[in-house]
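The block underneath contains the structure these notes are about, expressed in structure tokens.
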Amino acid sequence: MLRFDILESRGARVAAFTERGDGDCASRMANDANGGRIRAARACGIAPERVVYAGQVHGNRVGRATTADVGGAAFPATDALTTDCAGVPLGILVADCTPVYLLDPERPAIGLAHAGREGTRADIAGETVRAMAAAYGCDPGRMVALIGPSAGPDRYEVSEEMAAAWVAEGLPARRRLLDLWEANACLLEAAGLRRKRIHIAGLCTISDGRFHSHRRDADGGRNLALLML
């Protein structure tokens, strides 16, 4: 499991991303024989049933999690979650889509977004920043962001039509290769983050066999991103 010191050293208790060796995190059932989510949460010192999950529909709706949401159903029709409550772990599942981790170390408050191709086009990263500012009074200028492992700019190839639509919206691509990392970095910057506070993990889930990848394997396997104050 990866732990991101760039966030944990600034106040996040947990900022993590699972690897294949941690198991398949697609299922959250307590009796799942694979138990990827359960093992991953416990490895981070989190009770698995406490993780609050986004519903994930490739949109740009942001949910606000509190202690009352711990142990409940996933937030319906959301692709990002925020909280300012200590001990409320946020979780999203990815297998080539981009996890975007956000932290305001001074407020403090956190956000975790699921930014695939459609979510990036809908600016889920920017919407999460704006939701944190509105809900908690966060200042984007002091926020820290991490763009986690996902499909890399040398491997994420789409149709000519999709690439053209992406470029038409001002998002970066090289011929038919979309750049999710730089696109989300630019959207975060447009939302008020300082570029020097936006960090890109630079790990491609397609080419790096440590991670589950829908493009490479199409086996339903998922990686889990976790963030907690």
### Task
From (1) in contact with a Lys or Arg (Cβ under 8 Å, 6 or more places away or on another chain); (2) within 30 Å of residue 107 (Cβ to Cβ); (3) not β-branched (Val, Ile, Thr), pick out the condition that doesn't hold for residue 159.
(2)
### Task
May I ask you to verify whether residue 148 is touching a residue at least 12 places away in the same chain (Cβ under 8 Å), small (Gly, Ala, Ser) and touching a Pro at 6+ places or on another chain (Cβ under 7 Å)?
yes
### Task
Within segment 153-169, identify whether any single residue is under 25 Å from residue 226 (Cβ atoms) and buried (at least 20 other Cβ atoms within 10 Å of the Cβ), and answer yes or no.
yes
### Message
Just the residues that are touching a residue at least 40 places away in the same chain (Cβ under 8 Å), outside any loop (DSSP other than H, G, I, E, B) and open to solvent by 20 Å² or more (accessible area, probe 1.4 Å), please, taken from segment 170-197.
### Response
181, 187, 190, 197
## Note on the structure
Residue pairs within 8 Å by beta carbon, gap of at least six or interchain, first lying in segment 1-14 and over 18 Å from residue 91 (Cα atoms), second part of a loop (DSSP other than H, G, I, E, B) and modelled with pLDDT of 95 or more, listed first then second, are 10/105
### Query
Filtering segment 27-37 down to residues that are within 18 Å of the chain's Cα centre (by Cα) and either polar (S, T, N, Q) or at pLDDT below 90 (or both), which residue is least open to solvent (accessible area, probe 1.4 Å)?
36
### Task
Report the residue count in segment 38-62 for those that are surrounded by fewer than 23 Cβ atoms within 10 Å (Cβ to Cβ) and small (Gly, Ala, Ser).
5
### Query
From the residues in segment 96-118 that are of a type in the set (Gly, Ala, Ser) and under 11 Å from the mean Cα position of the chain (by Cα), which one is surrounded by the fewest Cβ atoms within 10 Å (Cβ to Cβ)?
116
### Task
Answer yes or no: is there a residue in segment 155-164 that is touching a residue at least 40 places away in the same chain (Cβ under 8 Å) and not in a loop (DSSP other than H, G, I, E, B).
yes
## Note on the structure
Here the residues within segment 40-73 that are out of contact with any helix residue (DSSP H, G or I) (no Cβ under 6 Å at 6 or more places or on another chain), small (Gly, Ala, Ser), in contact (Cβ under 8 Å) with a residue 12 or more places away in the chain and over 18 Å from residue 135 (Cβ atoms) are 43, 45, 55, 59, 72
### Residue satisfying all of: in segment 123-141; part of a helix (DSSP H, G or I) and not aliphatic (A, V, I, L, M); most open to solvent (accessible area, probe 1.4 Å) among these
130
### Message
Any residue at all in segment 203-211 that's part of a strand (DSSP E or B) and either within 21 Å of residue 36 (Cα to Cα) or in contact with a strand residue (DSSP E or B) (Cβ under 6 Å, 6 or more places away or on another chain) (or both)?
### Response
yes
### Message
Suppose the filter is over 19 Å from the mean Cα position of the chain (by Cα) and modelled with pLDDT of 90 or more; does residue 16 pass it?
### Response
no
### Query
So which residues in segment 49-69 are among the aromatic types (Phe, Trp, Tyr) and at pLDDT below 95, if there are any at all?
none
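The values are calculated or read from the model by the stated rules, or taken from the named source; none is laboratory data. None of these values were measured; they are calculated from a predicted model. Here the Cβ is made from the backbone with ideal geometry for all residues, glycine too, and neighbour counts use every protein chain on show. Heavy atoms of the whole protein, side chains included, go into the accessibility calculation; ligands, DNA and RNA do not. Shrake-Rupley method; radii C 1.70, N 1.55, O 1.52, S 1.80 Å.
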